[in-house]
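The values are calculated or read from the model by the stated rules, or taken from the named source; none is laboratory data. Because the structure is predicted, anything quoted here is derived from the model rather than measured. Counting neighbours? That spans all protein chains shown, and the Cβs are built from the backbone with ideal geometry, glycine included.
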Amino acid sequence: MKEPKKITIPDRLYFKISEVSKITGVKPNVRRYWETEFPVLKPTKSKSNQRMYERRDIETVQLIKELLYERRFTIAGAKERLKELRRANRQTRGRLVLKPILATDEAIPIDLAQLQSLRSELKAVLSLLRKESGGPRLNN
């Protein structure tokens, strides 16, 4: 099986439908159809009724694309696979599950407390490095 194309999602809160097309390679009309078929894909709408996608929506579009185009699932099969993935994620309460790599569907469970501890340690290291270099301070 061909390895899925890795996408880079810019670090922003919302994306317009045309931006999602550029990122995922899925045409807007196809994505609008998927919104009618996959209940999990429901972007919010702006005051002007424009679809605004979040990072998780883009990840979902990419996963649906992988299931339909690469793995050759039917729409019904892809819906079922998405339900299975959501059920598996719900069963890991108290743990963060990194998104599965699309080609393998294997999730990597990570204890949330460990992740928070690691983040604190990295912030401390970054703070020390910035003090030594005279760079800007970390605000979060």
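Yes or no, residue by residue, for (1) in a helix (DSSP H, G or I); (2) exposed (fewer than 13 other Cβ atoms within 10 Å of the Cβ); (3) among the small types (Gly, Ala, Ser); (4) modelled with pLDDT of 80 or more:
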{"residue": "Leu68", "(1), (2), (3), (4)": "yes, no, no, yes"}
{"residue": "Gly77", "(1), (2), (3), (4)": "yes, no, yes, yes"}
{"residue": "Leu85", "(1), (2), (3), (4)": "yes, no, no, yes"}
{"residue": "Glu106", "(1), (2), (3), (4)": "no, yes, no, no"}
{"residue": "Arg130", "(1), (2), (3), (4)": "yes, no, no, yes"}
**Report entry** Selection status of Gly94, modelled with pLDDT of 90 or more and touching a helix residue (DSSP H, G or I) at 6+ places or on another chain (Cβ under 9 Å)
**Finding:** no
**Report entry** Count of the stretch 14-42 residues which are surrounded by 12 or more Cβ atoms within 10 Å (Cβ to Cβ) and among the hydroxyl-bearing types (Ser, Thr, Tyr)
**Finding:** 4
Query raised in the report: Does any residue in the stretch 28-41 that is assigned to a loop (DSSP other than H, G, I, E, B) come within less than 8 Å, Cβ to Cβ, of a residue that is acidic (Asp, Glu) six or more places away or on a different chain, and which pairs are these?
Result: Leu41/Glu35; Leu41/Asp57
Requested in this report: Starting from residues that are touching a residue at least 12 places away in the same chain (Cβ under 8 Å) and either more than 16 Å from the chain's Cα centre (by Cα) or surrounded by fewer than 18 Cβ atoms within 10 Å (Cβ to Cβ) (or both), keep the ones in the stretch 47-62 and report whichever is farthest from Leu82 (Cα to Cα).
Outcome: Gln50
